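Here's the structure we're looking at; comments come further down.
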Amino acid sequence: MFIKTLTKGITISTLLVGVAAPHAMAQTLQLTVTNLTQGIYFTPILATAHDSQYHLFQSGMVASPELQAMAEGGDIAGLATIADSIQAISAANPAGGLLQPATSTSATLENVEAGSVLSLTAMILPSNDGFVGLDSWPIPTEPGTYTLHLNAYDAGTEANDEVLVAGAGGAPGTPGMPGIPGDFAGMNASGVTSEEPTQVVHIHRGNLGDTNSEGGVSDVDSRIHRWLNPVARLTVVVE
């Protein structure tokens, strides 16, 4: 679920926005997400503008069940439902499926209330529970073009074994990766690890992989599926 933050500073900020609201115009956001990697795919993206008291995820916090479902299996339905429940303005799956390496997709968010923040999530494949994320970025009130670079996060809900278990690997709580798009999937891996020592959301270490397509410790090809942060570029045009 969304995490509701009730710190004193945010409460004051919310009150100030509430006072100014009658004089503020609704904003339109033109979003462009670019996959910056050479071999990683993004599952359906959820981009949502919402009140600043909520978070889709937070570093150092335990992942919600809805975040876990997205990070392990690419399922954004739970997060989208929660976004709707708090009257967020969202764009779900603008790419119409996987966003391939070195490609872009665009979406428009209309009637965004001034003072809102922007969040974004999408699972990265191949990974166990990795996702590209933006956590509650304050949307500027000044019209213009803004460019953000986004990191890959680890949900902390599953060990990064890098073992392909097609289909079943995407079920929350089930070990294994759900898929490796493209033509470089390995098989019969023994697993890089069976433990996840950091069981909160954190920056992803990246895939380790190997070059043994018929065994080894990983079903990930280290020549194709490794990455360095940032993994995505988000361009936001505020109108």
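The values are calculated or read from the model by the stated rules, or taken from the named source; none is laboratory data. From a predicted model like this one, the values you see are computed outputs, not experimental measurements. Don't worry about glycine lacking a Cβ; one is built from the backbone with ideal geometry, like all the others, and counts go over all protein chains shown.
Give the residue that is surrounded by the fewest Cβ atoms within 10 Å (Cβ to Cβ), with candidates limited to residues of the stretch 103-123 that are small (Gly, Ala, Ser) and over 17 Å from the mean Cα position of the chain (by Cα). Top of the filtered list is Ala114. Scanning the stretch 64-88 for residues that are within 12 Å of the chain's Cα centre (by Cα) and among the hydrophobic types (A, V, I, L, M, F, W, C) returns Leu67, Ala69, Met70, Ala71, Ile76, Leu79. Selection over the stretch 194-228 of residues that are without any contact (Cβ under 8 Å) to a residue 60 or more places away in the chain, among the β-branched types (Val, Ile, Thr) and surrounded by 14 or more Cβ atoms within 10 Å (Cβ to Cβ) gives a count of 1.
Looking only at the stretch 160-205, residues that are among the aliphatic types (A, V, I, L, M) and under 20 Å from the mean Cα position of the chain (by Cα) come to 6 in all. Only a single criterion out of (1) among the small types (Gly, Ala, Ser); (2) surrounded by 18 or more Cβ atoms within 10 Å (Cβ to Cβ); (3) in contact (Cβ under 8 Å) with a residue 40 or more places away in the chain is not satisfied by Ala80, namely (3). Residues that are part of a loop (DSSP other than H, G, I, E, B), at positive phi and modelled with pLDDT of 95 or more within the stretch 133-178 comprise Gly156, Glu162, Gly176, listed in sequence order. Somewhere in the stretch 43-60, is a residue at pLDDT 95 or above, farther than 24 Å from Asp154 by Cα and part of a loop (DSSP other than H, G, I, E, B)? Looking through the stretch 43-60, at least one residue is at pLDDT 95 or above, farther than 24 Å from Asp154 by Cα and part of a loop (DSSP other than H, G, I, E, B).
In the set (1) more than 21 Å from His204 (Cβ to Cβ); (2) surrounded by 14 or more Cβ atoms within 10 Å (Cβ to Cβ); (3) more than 16 Å from the chain's Cα centre (by Cα); (4) at pLDDT 95 or above, the condition left unmet by Thr5 is number (4).
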